[in-house]
2 protein chains.
Amino acid sequence: MAENKLTYLALGGAGEIGMNMYLYGYGPVGDQRFILVDVGVTFPDMDGTPGVDLIMADPEFIAQRADRLEAIIITHAHEDHVGALGHLFPRLQAPVYARPFTALNARQKMERAGLDPRQVRDAPVWPDTVEAGPFSIGFVPVSHSIPESSALVIDTPAGRIVHSGDFKLDPTPLVGEPWQPEIFEEIGKKGVKALVCDSTNVFSEHPGRSEASLIDPIGGLMREAKGLVVATTFASNIARLRTLAQAAHDAGRTVTMMGRAMNTMVQNGFAAKVLPDFPPLVDSREADSIPRENLFILATGSQGERRAATAQLASQSYMGFQLKEGDTFLFSSKTIPGNEKGVARILNQMSERGVRVITDDDHYHVSGHANRPDLTVVHNLLNPQNLIPMHGEHRHLRAHTELAQGAGRHGVLAPNGAVVDLTGDRAEVIDHVETGRLYLDGKVLIGALDGIVRERVRMAIRGHVTVSVMLEADGRPADRPWIETSGLPDPRGDLAERLEAELDDALEGTKRSSLRDDGAVEKLVEKTLRTTCDELIGKKPVVTVMINRFE
Amino acid sequence: MAENKLTYLALGGAGEIGMNMYLYGYGPVGDQRFILVDVGVTFPDMDGTPGVDLIMADPEFIAQRADRLEAIIITHAHEDHVGALGHLFPRLQAPVYARPFTALNARQKMERAGLDPRQVRDAPVWPDTVEAGPFSIGFVPVSHSIPESSALVIDTPAGRIVHSGDFKLDPTPLVGEPWQPEIFEEIGKKGVKALVCDSTNVFSEHPGRSEASLIDPIGGLMREAKGLVVATTFASNIARLRTLAQAAHDAGRTVTMMGRAMNTMVQNGFAAKVLPDFPPLVDSREADSIPRENLFILATGSQGERRAATAQLASQSYMGFQLKEGDTFLFSSKTIPGNEKGVARILNQMSERGVRVITDDDHYHVSGHANRPDLTVVHNLLNPQNLIPMHGEHRHLRAHTELAQGAGRHGVLAPNGAVVDLTGDRAEVIDHVETGRLYLDGKVLIGALDGIVRERVRMAIRGHVTVSVMLEADGRPADRPWIETSGLPDPRGDLAERLEAELDDALEGTKRSSLRDDGAVEKLVEKTLRTTCDELIGKKPVVTVMINRFE
C-alpha cells in the first residue's frame, strides 16, 4: 500500500486577499481523506468582472473527490471565509463546522441557497476538538474584528498543523476573545509541523494597534462634534461597530444603523449572545425625529459601494434622511485598493454638501490583521518546522516567505494550486493542480474563463453591432441587410445606414456560391463591418450576425 | 455702455485633477474678450468610461464665443494641460502661446490632428509678455517636473491675476528652472487681485521635497543592485527620467528607454535644447547585448497601463526583452487613485518571476506639486486680495479655500462652471454656466451625457439580447422569433431557445391589432425577454429588437 501523505493545497486565497479556500489531505495519494478550511468570496469590479455578483474559488479539485471530504471548517464569519458556502455546498456535501456565531451566519447562507441549515454544526472551543476522519480539529480563539474568530489546530497522524485564520495580536479587542500568547505557546510545545499563516499585513512594518486605542480619539470626536455624526466601516467589523456605538452612547448620542448588512450582523451577534454590552439601538426610521447633535448613525458602504447607505447619504438621501452642512462623517476604515475612485466620489459629494469628512485611518481605524512584527511573534511562539504563508497576493506570500527565511525558518511559497507535502520534516511543493475562479452571475455559477464576462467587457470597450441578413437559399441577398448599433458613436446619425450600404455592396459583390455557407457569410459580414466602422468612427465593434435563409 | 468686468471661469480642472481648462474674460458682460488657459485631458477607466480614449472638458461655453477668444495659453507640456489641443482647436480657432519646449509638444498635437502647427507660437519669458486683447500675459518660470513650466502673470485693466499653473517650491529641480521666490515677491509688490492656485497636494501636510533629494537613494540603489535595474515613472516626468538616467550612468550602467511616449518626450527635450546634460542613451534593441549588471532601462507604464513597457515586461516580454530573477524594478512614482489594481497585477507578476520590486514612494519619488505648507508660502509671497483654488477635486478646492480663510484671506470656492467676478476688491461667484465633459471615442468626440458609453456599461453589466421578429403586415407572426445572446450565462445551452419559445408564446397570445405598431411590439418583446431572462438566469439584459414586416 502507498505511503500516507499529509498535504496542503490552497484552492483560493493564496494569490489574492479574499476567497479563502484551503484543502488538507491525509492518506495514500489517490485515496486521501480531506478537510476544507473556509469557503469564501471576493468581490467583482467593473475593470475585469462587470455585472458579476460574487467571485469564489473553483472547488473542482475537491468536488471531484467530494466522497472523501470529511468536513468543511469555517474559521470566522467574514464573507471572504464563508460567503461562498451556499453556492458551493451542493458540490461539496460534507458536514460544516464552525463556532456558534459563525455557524449562525453559515446557516443563513445555507437557507438563502435553499439548503439544509442543519448541515452546519456548532464546534467546541480548543482544547475540545472536532473529529473528521484522520483529522482532529481544534478551534483556538484569536482576536480579529468579529466575534469567535479562530485559528485551527489540525492534528493528524503525521503531525500537527496550525492554520492561523485571520488574526491580530490584540490584548483588548473589545469584541471577541483577546490574543492569548500562552495558548499558542502551549500549542507549540507539542511540536508544530507547519504554520499556515495569514499574510494580509506583511507589508505593514509597525506592530499592530489594539481596537482599544480607538476609544479616546473616537470618543473625543463624538464629544466635540457640534452636529450629527455618521460613521462607516465594514458591516462585518463588529468590533468597530461596537467601538463607535459605545463612544457615541458615552457622549450622550442616540445610536442608529443604516444598511441591511450591518443590521443582520449585529442581530446575529445578539442572537448568538456575543455582544452582551452593545449600546441600545433605535430604528433608523426614527432618526429624523432626534436632534442632530444627539444622534449618531452607523452606515454601510465604507468602500464606496453605490447602493450602500453611505453613497446614498452622500448623493441624496437614505430612506428620506439627508446630510447637511455642519454634519461630521467618519470613515473608520481603510480603502481597499481598487475602491479609491468610488470613495473619492463620495468624499467630493460630501464636500459639495459642506459635510466635514474625516478619513484619517491612522487615528480612527486599526487593522484586524497581524502586521509584520506580529507575524514574527507568532512564528516564534509556535516555532513551526515549516511556514506556509496564505491569504495574500503573490507578493504578500513572497514577502512572508522571505520574512520566515530571514529568521532561519523553512518558508514555502505555495500559491493556489501548489500541492505541499508536509509528511517529512521539510515541506516541499510536489505537484501543481489546476485552480480557478467561479463567478456568480445573476443566479448562475460560470467559470472565469468561460468567455461570458470577456464578451461583456469587449462590448463595453468596442460597442456592439447586430446584423440581420436575409438570403435566398442559393445565396442571393433577399433584401438589404439590417443593422442596429449599440454603444457606438453616431456623429452624423447615419452610421447604421452607411454600414448597411457598405455591407450590401460587399454581399452583392461576392460570388453567390460563397454565400451558401453561413460561416463564410458571418466572416464576410464581420470583416466588412469592423473595417467600415473603424474607417468611419475609429472603433472595431463586436458583431453579431443573424442569417435568415428563405427556403 | 455696460461696465467692464474681469471674470474667471473654470471649464475643467476645478472638480477633478486633470483636464485643466480655465477661461478669463474682460469687458462688458455679453461682449467680453477671453483668453483660455490650458486645454488638457484626463484618462478614462473601465469603471465609468470603458472604451473611451481620452476625456476632456467640454469647451461649449467658449466655443460659442470663439470669435472673442484672443488666445490660448499653455502653461506646460503635460497631457492634463495640453493633451486636448488637437481635438478642441477646431472649435476654438485662436492663436496658441507657449514657451518653446511646450510649443514643440503642442505643435505635434496639432499636426497629429491634421491642423496647422503654425497656430502655436513661442512665448517669451517674463518680464516679457504676450499681448492678447485686453490681456497682457507673462510666463513666469516655475519648478515642476517638466522643463519650461510656467505660472502666468495676467495683467488686465482691472488688475493683476497670477495663475499658478502646476508648480512646486524646488530650489534644485534638476530639470527646468528652480523656484525663485524673489520673482514672486516682485510680482506681488504691484498688487495681485487674485491668485488662481494649484490644489493637487493640499492634503500633503509636509513641505515638498526637492528632486535633488532623490540623487542619493537612487544612486545607492543603482550601485548596490547586482543585476539589471529597470525603473518606471510618468513618461512626461522629464526631471525624473534625467535623475534616474544620471544615477545609472554615474553607477557605470548603460541607459536605454522602452516605450514610445518616453522616447518622444526626451527627443523633444533634446530638440528644444532643454536637456543639455542628459546621459547618453542606447537603442533599446541593443539591450539584450549588454550585460545585465551594466544595464539600466527606463520603462513607460508606472500606472499599470496594460500595453505599456512595464506591464509587458512583467507579463512576458517587451520587444523580445525579458525580466529574470535577480533583476530590480523601481517604481519611481506614485500610484494615482484608481490605478492600484493594475499596478498590483504587475507587482504580483514580478513577484512570480522573482524580480525584486521597490515601490517605496517616500524614498524614490517626490511630487511635482506644492504641498500644503508650500501653498501658504506662495499665498504669503503674493499676498493676493483673493485666492481661487483650481486643479483639484471638490474636496481639494474646499480644503485649499479653508487653508486661505484660516489665514484671514478671502478664498473663493469656484468649481467648474462658477463664474467669478474679479472686478471689485472682493471676488464673488456671480453666475453658473453649464460645463461638461467630452469623450474621444475612437475618432469621434461625444458628450459624456450622450448615453453611448452608458449603453456600453449597461451591456457590460447586464449582457445583451438581440431579437429578430418577423411579422406579417397585419401583425401575425410570420415565423418564430430568432434570438442571439451576448455575454449571458447559458448553463443548459438552451437559453436562446427557451427565450424564443417564451417570446413566441407571448406574441401568439397577443391581439394582432396590438402587433401592428412597432413600438408596442418592442415593448412587449423587451418586457418578455427581461422577465424570462431574470427568471432563468437572474439577469435583466439590454434588449435590441429588429422587427421585419412582410408587406
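The numbers here are math on the coordinates, done by the rules we state, and not lab data. Since the model is a prediction, treat every value here as computed from it, not as a measurement. FYI the Cβ positions are ideal-geometry reconstructions off the backbone, even for glycines, and counts take in every protein chain you see.
What the table shows:
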| quantity | calculated |
| --- | --- |
| Signed unit charges on C-beta, dipole axis of the protein assembly as shown, positive-most listed residue A:Val521, A:Gln267, A:Ile146 | A:Ile146 |
| Amide H contacts under 5 Å for B:Asp53, placed H, 5+ residues apart | B:Leu440, B:Asp441, B:Gly442 |
| At 7 Å out from Cα toward Cβ: A:Arg112 inter-copy label distances (nm, ascending) | 4.7 |
| Within chain A: Cβ-based charge dipole about Cα centre, in debye rounded to nearest 20 (Lys, Arg +1; Asp, Glu -1) | 480 |
| Whole-Hz couplings from phi, Karplus 6.51/-1.76/1.60, listed for the range A:439-454; x for Gly and Pro | 10, 7, 10, x, 9, 10, 8, 10, x, 4, 9, 5, x, 5, 6, 4 |
| Label-point gap, in nm, between A:Glu293 and A:Lys523 - each point 7 angstrom along Cα→Cβ | 7.9 |
| Net dipole in debye of the range B:213-270 [+1 Lys, Arg Cβ; -1 Asp, Glu Cβ; about Cα centre; nearest 20] | 140 |
| Surface/4 of the Cα convex hull for the range B:165-235, nm² | 7.0 |
| DSSP-defined beta bridges in chain A - what % are antiparallel, rounded to 5 | 50 |
| Projected area, mean over directions - the range A:21-109, Cα convex hull, nm² | 6.2 |
| A:Leu23 long-range amide H proximity, modeled H, under 5 Å | A:Leu9, A:Ala10, A:Leu11, A:Val37 |
| Overall dimensions of the protein assembly as shown as given by Cα atoms, namely Rg and Dmax in Å | 32.0, 106 |
| Rg/Rg_globular for the range B:196-258, with Rg_globular taken as 2.2 N^0.38 Å and Rg from C-alpha atoms | 1.35 |
| Mean Cβ neighbour count within 10 Å, used as a protection proxy, ranking B:92-102, B:267-277 highest first | B:92-102, B:267-277 |
| Spin-label proximity, B:Arg454 to the range B:419-440 - amide N less than 18 Å from point 7 Å beyond Cα toward beta carbon | B:435-440 |
| Cα-Cα P(r), the range A:369-427, percent of pairs per 5 Å interval | 4, 19, 30, 28, 14, 5, 0 |
| Dipole of chain B, positive direction: furthest Cα of B:Thr232, B:Ser204, B:Thr532, with charges on the beta-carbon | B:Thr232 |
| At 1.567 mPa s and 4 °C, Stokes D of the range A:35-181 from Kirkwood alpha-carbon radius, µm² per second | 82 |
| Bins of 5 Å, starting at 0 and running to the largest distance - Cα pair percent for the range A:409-489 | 3, 11, 10, 10, 9, 10, 10, 8, 7, 5, 5, 4, 3, 3, 2, 0 |
| Normalised contact order of chain A, rounded percent, pairs of Cα under 8 Å and 6 or more residues apart | 15 |
| Burial ranking of peptide ranges B:256-263, B:187-194 (average Cβ count within 10 Å, highest at the top) | B:256-263, B:187-194 |
| Rh (Kirkwood; distinct C-alpha pairs) - the range B:309-379, Å | 13.9 |
| Isotropically averaged projected area of the range B:143-185, using the convex hull of Cα atoms (one quarter of hull area), nm² | 3.1 |
| Given charges at beta-carbon only (K, R positive; D, E negative), |dipole| of the range B:1-116 in Debye | 440 |
| Amide H partners (placed H, <5 Å) of A:Asn4, local residues excluded | none |
| Listed peptides A:324-334, A:456-466 by packing density, highest first (mean Cβ within 10 Å) | A:456-466, A:324-334 |
| Surrounding net charge for A:Ala308, when Lys and Arg each add one and Asp and Glu each subtract one, Cβ distance under 13 Å | +3 |
| Cα centroid of the range A:242-298 to Cα centroid of the range B:185-258, whole Å | 49 |
| Zone of B:Arg285's modelled label, taken as backbone nitrogen in the range B:294-334 under 13 Å from a point 7 Å along Cα→Cβ | B:319-320 |
| Shielding score for A:459-470, defined as the mean number of other chain Cβ atoms within 10 Å | 6 |
| At R0 = 25 Å, FRET efficiency that the Cβ-Cβ distance of A:Arg306 and A:Thr531 yields, to 0.05 | 0.05 |
| Computed label-point distance, nm, for sites A:Glu182 and A:Arg118 using a 7 Å Cα→Cβ extension | 4.1 |
| Principal axis dimensions, largest first and in whole angstrom, of the range A:105-219 by Cα | 48, 41, 25 |
| Exercise: per-residue mean of other protein chain Cβ atoms within 10 Å, B:533-542 | 3 |
| Cα-based convex hull volume of the range B:232-297 per residue, rounded to whole Å³ | 78 |
| 10 Å Cβ neighbours from other chains, averaged over peptide A:438-444 | 6 |
| Tensor-based shape of chain A (alpha-carbon gyration tensor, a/c under 1.5 rounded, otherwise prolate or oblate) | oblate |
| Exam field: B:Ala212 pseudo-label spacings to other copies (7 Å along Cα-Cβ), nanometres | 5.0 |
| Charge tally in the Cβ shell below 15 Å around A:Lys193, where Lys, Arg are +1 and Asp, Glu are -1, A:Lys193 excluded | +2 |
| Most positive-pole-ward Cα, B:Gly451, B:Leu413, B:Thr510, against dipole of the range B:390-521 from beta carbon charges | B:Leu413 |
| Summed residue charge, Cβ within 14 Å of B:Val545's Cβ, Lys/Arg positive, Asp/Glu negative | -3 |
| Helix-derived mean residue ellipticity, 222 nm - over chain A, DSSP H n ≥ 4, -39500 (n - 2.57), to 500 | -9000 deg cm²/dmol |
| Calculated Rg and Dmax of the range B:256-348 using C-alpha coordinates, Å | 14.0, 40 |
| The range B:350-499 - convex hull of the alpha-carbon atoms, volume per residue in Å³ | 293 |
| Inter-copy separations for A:Arg223, label at 7 Å along Cα-Cβ, nm, ascending | 5.4 |
